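In what follows, a single structure is set out as structure tokens and then discussed.
The values are calculated or read from the model by the stated rules, or taken from the named source; none is laboratory data. Please read all numbers here as calculations on a predicted model, not as lab measurements. Here the Cβ positions follow ideal geometry from the backbone for every residue, glycine too, while neighbour counts run over all protein chains shown. The accessibility values were calculated without ligands, DNA or RNA, using every heavy atom of the protein model including side chains. Shrake-Rupley method; radii C 1.70, N 1.55, O 1.52, S 1.80 Å.
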Amino acid sequence: MLYLLFLVLLTQGDLSMSEQLPQNIFILAGQSNMAGRGGVVNNTKNGIPSWDGVVPVQCQPNPSILRLSASLTWVQAHEPLHADIDYNKTNGVGPGMSFANAILTKVPNFGSIGLVPCAIGGTSISEWAKGGFLYDQLVRRTQFALQRGGVIRAMLWYQGESDTQIREDADAYEGRLDRFFIDLRADLGYPTLPIIQVALASGEGPYVEIVRNAQLGINLPNVQCVDAKGLPLEPDRVHLTTPAQVQLGQTLTDAFLQSLSSPIHIANNSCRRFSNLMFHSLIRPLLRFVMLIVAFT
């Protein structure tokens, strides 16, 4: 029994060395333009959408950028970020990787970034209301991301195209969005959670301006809005192109950095590194020695 206990301790030590956890956490939520449709086009022969696979340099993988997978595992982030989240759709380039890379370029000592993809294409604001699947999944994934340390820095929110089709939905958008933000902050236990939302560049119906005005006019503390109007669109006239997503990610970065009222607190990993060093240089050899004694007694 004692032998098994030491074996478990050794195994846990190995896992602590191989596991990489992010220091700065960002939620990515909304619908298809947050999930990413950059480079996704319909095949002219069969009408099935496919991604062209083009990843700009601003969206390339970086060892310091992680993503929380659908199975709640931290892995190195790469495009398409939402492939296993918005899995019923064809995903392409979104703003997330451009955003994260731009932060690390502008603030080299920012620390590792953990992206928490939660966006689902074709969803309306009412589907994100508290008690629904999308809301519960967002809260669950965010809470898991915070369990092992790290600091939640902001939520990036890009949604509303689906609410431009019916006048009643467009008119109710501001109240529903306001309620969503308030509920989410309460359930995450973070009443001042920074939220950066994107005002629509396009829509699926005739009431785009009503939804845009609601987004631009929302009056909650620590909620700011960047405007995507005028960014290039794919041939479907709804989704942002890959270059537009790169530009949007960098705009979101500027908004995030400018919103900070105090210098960025850089998480310090020295304690973790010292702990790992102590384990491998002193404690682990001692445990092996004890295991040998137990095995021969």
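Approximating the spin labels as points 7 Å out from Cα along Cα→Cβ, the ASN46-to-THR105 distance works out to 3.7 nm.
Within the range 127-248, the percentage of alpha carbon pairs spaced more than 23 angstrom apart rounds to 36%. Seen from ILE113, the other residues with C-beta closer than 11 Å to its C-beta sum to a net charge of +2, counting Lys and Arg as +1 and Asp and Glu as -1.
Local charge for ILE125 was computed over the other residues whose Cβ lies under 11 Å away, with Lys and Arg +1 and Asp and Glu -1, and equals -4. When the residues LYS130, LYS89 are ordered by accessible surface, computed with a 1.4 Å probe over the protein chains alone, the sequence from largest down reads LYS130, LYS89.
Charge tally for PRO206 (other residues, Cβ to Cβ under 15 Å; Lys, Arg +1; Asp, Glu -1): -4. Accessible area per residue (1.4 Å probe, heavy atoms of protein chains only) ranks ASP178, ASP86 as ASP178, ASP86, with the largest value leading.
Under the simplified labelling scheme, the ARG140-GLN224 pair shows an inter-label distance of 3.3 nm, with each label point 7 Å from Cα along Cα→Cβ. If each Cα of the range 128-187 is one equal point scatterer, what is log10 of I(q)/I(0) from the Debye formula at q = 0.17 Å⁻¹? Results for the range 128-187 at q = 0.17 Å⁻¹ read -0.66.
Spatial offset of the range 235-250 relative to the range 122-166 amounts to 21 Å, using the alpha carbon center of each. Remark: the Cα gyration tensor places the range 80-190 in the prolate category, a/c being 1.5 or greater and a/b exceeding b/c.
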